[in-house]
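Asks: One structure coming up, written as structure tokens, with questions to follow.
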Amino acid sequence: MLKILSAMASLAMLVSCASAPKPSAAVLADLAPSGQLRAAINFGNPTLAVKDAVSGQPSGVSVDLARELGRRLGVPVELVPFNAAGKVVEALGKQAVDIGFVAIDPTRARDIAYSAAYIVIEGAYLVQQGSPIRRNEEVDRPGVRVAVGLGSAYDLYLTRELKQASIVRAPTSPAVVDFFLTQKLEVAAGVRQQLEADAKRLPGMKLLDGRFMVINQAIGTPRGRDAGVAYLREFVEQMKASGFVAEAIKRSGVGGVAVAPAALP
């Protein structure tokens, strides 16, 4: 019975995807001005995208969404790789790419227009086993130095929120824990999945319970592309409602990621 229901859900998703309306000329001009969709893919966040260790082929939720968006637009997709969210944001600001998969943040909104969130992930703290810091609330104290990835969503958030602790920035998010160790800092902050992987890789590490922030991942496009962002907003809602995002998460094998709730009308 479960197999039948799963097959029906997959069929409904395919029908929904296949029946997408043809995009207008204005949408195509906004999202594929060069005749192809240039999609920034951040391999610095394993919840969004990874490369196969053998083939080098990209996969993940953001890769699946980029390819489906290109299919609906009727244009080829160029996956433009980056190793940090800050570099994706910079590329969007320079209009070097047409879309990017980034966390919603008010600082970034000066240059980027967003869809609603398609997935929700958590920001967490990591410390060494012998650390006196046991709870998230104990991080924001004088003398505590927190390692973050330069330009990441949690860098922007903690820059606003931390009042007593200081922030020390690693070049990229994947480099945060190694940077935290070599610089002998007190705390590393990042996406929970990345920190969990680092804690397994390195002995003597401990994740603090809970989260310090919820990270809402959305599709962004440069500001001023009004028809394009309206299309992206509708696209994301359809991808969530049809089950496409849930299936993409399942294929990725990444835990701790949830489909974002439907956006309010």
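Asks: If you project the alpha carbons of segment 122-213 onto their three principal axes, what span does each projection cover, largest first, in Å?
Replies: Result for segment 122-213: principal-axis Cα extents of 31, 27, 24 Å.
Asks: How large are Rg and Dmax for segment 211-256 when calculated on the C-alpha trace, in angstrom?
Replies: 13.3, 36
Asks: Still on this structure: Mind jotting down the distance between the C-alpha centroids of segment 99-156 and segment 191-255, whole Å?
Replies: That distance is 13 Å.
Asks: About the Cα centre of the chain, how large is the charge dipole given +1 on each Lys and Arg Cβ and -1 on each Asp and Glu Cβ? Please answer in debye to the nearest 20. Don't skip to the end; give the middle numbers.
Replies: Values: 30 positive and 24 negative charges, 32 e Å.
Once rounded to the nearest 20, the dipole reads 160 debye.
Asks: Within 10 Å of each residue's Cβ, count the other Cβ atoms and sort Lys240, Lys22 from fewest upward.
Replies: Lowest count first: Lys22, Lys240.
Asks: Angle check, please: helix 192-201 long axis (alpha carbons) against the longest principal axis of the chain (alpha carbons), in degrees 0 to 90, nearest 10.
Replies: Long axis of 192-201 versus the principal axis of the chain: about 50 degrees.
Asks: Taking only Cα atoms and a 10 Å spring cutoff, compute GNM fluctuations for the chain and point out the largest among Arg38, Arg110, Arg169.
Replies: Of Arg38, Arg110, Arg169, the Gaussian network model singles out Arg110 as fluctuating most.
Asks: Sticking with this structure for a sec: Suppose only helical runs count, i.e. DSSP H with n ≥ 4. What mean residue ellipticity at 222 nm does that imply for the chain under -39500 (n - 2.57) per run, divided by all residues and rounded to the nearest 500 deg cm²/dmol?
Replies: Counting only the DSSP helices, I get -11000 deg cm²/dmol.
Asks: Then there's this: Taking R0 as 51 Å, what FRET efficiency do you get between Asp140 and Ala230 from their Cβ-Cβ distance, rounded to the nearest 0.05?
Replies: Efficiency, rounded to the nearest 0.05: 0.85.
Asks: At 7 Å along the Cα-to-beta-carbon direction for both Leu202 and Ala262, put a label point, then send me their distance in nm to one decimal.
Replies: Spacing of the two 7 Å Cα→Cβ label points: 4.3 nm.
Asks: Can I ask one more? So I have (i) 16.7, 48; (ii) 22.2, 69; (iii) 19.2, 60, and one of them is Rg and Dmax of the Cα atoms in Å calculated from this model. Which one is it?
Replies: Among (i) 16.7, 48; (ii) 22.2, 69; (iii) 19.2, 60, the one derived from this structure is (iii).
Asks: Then there's this: Filter Lys206/Lys240; Lys22/Lys87; Lys51/Lys94; Lys163/Lys184; Lys22/Lys240 down to the pairs with a C-alpha to C-alpha distance above 24 Å, please.
Replies: Lys206/Lys240; Lys22/Lys87; Lys51/Lys94, as the Cα separations exceed 24 Å there.
Asks: Relative contact order of segment 68-204, please, whole-number percent, based on alpha carbon pairs below 8 angstrom and at least 6 residues apart. Kindly include the intermediate steps, with their values, before the conclusion.
Replies: On the way: 172 pairs, mean separation 34.7, N = 137.
That works out to 25 percent.
Since every read-out is calculated from the coordinates, none of them should be taken as a lab result. Owing to the predicted nature of the structure, the values given are computational and were not obtained by experimental measurement. Note: ideal-geometry Cβ built from the backbone for every residue, glycine included; neighbour counts use all protein chains shown.
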